[in-house]
Amino acid sequence: MKLYYTNTSPFARIVRLAILELDIADRLEMAIADPWTEESGLYRVNPLEKVPALQLDDGRILVDSLTIAEYLDRTLGGNRLLPVDPGGWVAERRLATLGHGITEAGVARLIERLRRPEPYRWAGWDARQKAKMVRTLDLLEGEAAGFAGTDPSLGRIALAAALGYMDFRFADDTWRNGRPRLAEWYEAMSARPAMQQTMPG
């Protein structure tokens, strides 16, 4: 299988973290492909022109970071990132989706700032996306006891990738202010070797 990614994509980082935590890097080929340049040829592999994209051995393409991570966990990882039982799966997938949602809102803000021509930028759009991030972070601050610990799981990986993306792209938001439990958890999670190896930049 072949994974297409970029070093700065927070979505790709979720999959890269999963690969490292599952210790399956030797089972995949890794290829950097910039979705913003046609020269990368990514559109030939993935018509949605997004990263991450996982090309399976039969040529089919999987997109969406959570889907890819879950597939790798089920096929190569021995279900170590997601519980098999429905209740555990729902709890873990919910946390992963909340983290993923923070990232989606952040990327929407970044595109508005960096890709849309300045005369057409909409401050209201940025404010709306930021509000989504703030509300979700506040919710997770109240739920931090439920995902305490740093053993790798899909939810923890997705949330850690989201918080790392905020540090990388939205440091001025100072997301740690008023969220001591979330900040403490992230500090511990960030010490994991996989997190250190996948720092964006």
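Annotations for the structure displayed:
- Euclidean distance between Cα centres, region 133-170 to region 176-195, Å: 8 Å
- Considering only L66, L48, L154, the Gaussian network model of the chain with Cα springs below 10 Å gives its largest mean-square fluctuation to L48.
- Taken about its Cα centre, the chain carries a charge dipole of roughly 480 debye when the Cβ of each Lys and Arg holds +1 and the Cβ of each Asp and Glu holds -1.
- Within a straight-line Cα-Cα reach of under 22 Å, K2 can be paired with the following lysines, leaving aside sequence neighbours fewer than 8 residues apart in one chain: K50.
- Vicinal HN-Hα couplings computed from phi for region 78-88 (Karplus, 6.51 cos²θ - 1.76 cosθ + 1.60; Hz; Gly/Pro x): x, 6, 8, 9, 9, x, 7, 5, x, x, x
- When the Gaussian network model of the chain links Cα atoms closer than 10 Å, the mean-square fluctuations of A69, A123, A96 top out at A123.
- In the set (1) 25, 24, 14; (2) 38, 21, 17; (3) 48, 23, 15, the label that goes with semi-axes √(5λ) of the Cα gyration tensor in Å computed for this structure is (1).
- Packing, taken as the mean count of other beta carbons within 10 Å per residue, orders the peptides 5-15, 82-92 from highest to lowest as 5-15, 82-92.
- Here K130 is the anchor, and the aspartates and glutamates within straight C-alpha reach of less than 18 Å, apart from those fewer than 8 places off in the same chain, are E104, E112, D138, E141, D167, D172, D173.
- Only DSSP H runs of four or more residues enter the estimate; each adds -39500 (n - 2.57), and after division by the residues of the chain the mean residue ellipticity at 222 nm equals -17500 deg cm²/dmol.
- Cα-based shape type of region 98-153, given that a ≥ b ≥ c are square roots of the gyration tensor eigenvalues and the cut on a/c is 1.5: prolate
- Taking the 1.4 Å solvent-accessible surface of the chain as the whole, the part contributed by carbon and sulfur is 52%.
- Residue with peak Gaussian network fluctuation, the chain [Cα springs, cutoff 10 Å], from T150, T174, T136: T174
The values are calculated or read from the model by the stated rules, or taken from the named source; none is laboratory data. What you see is a predicted model; the values in this text were computed from it and never measured. Neighbour counts are summed over all protein chains in view; Cβ atoms, including those assigned to glycine, are modelled from backbone coordinates with ideal geometry. Only protein heavy atoms, including side chains, enter the accessible area calculation; ligands, DNA and RNA are left aside. Shrake-Rupley method; radii C 1.70, N 1.55, O 1.52, S 1.80 Å.
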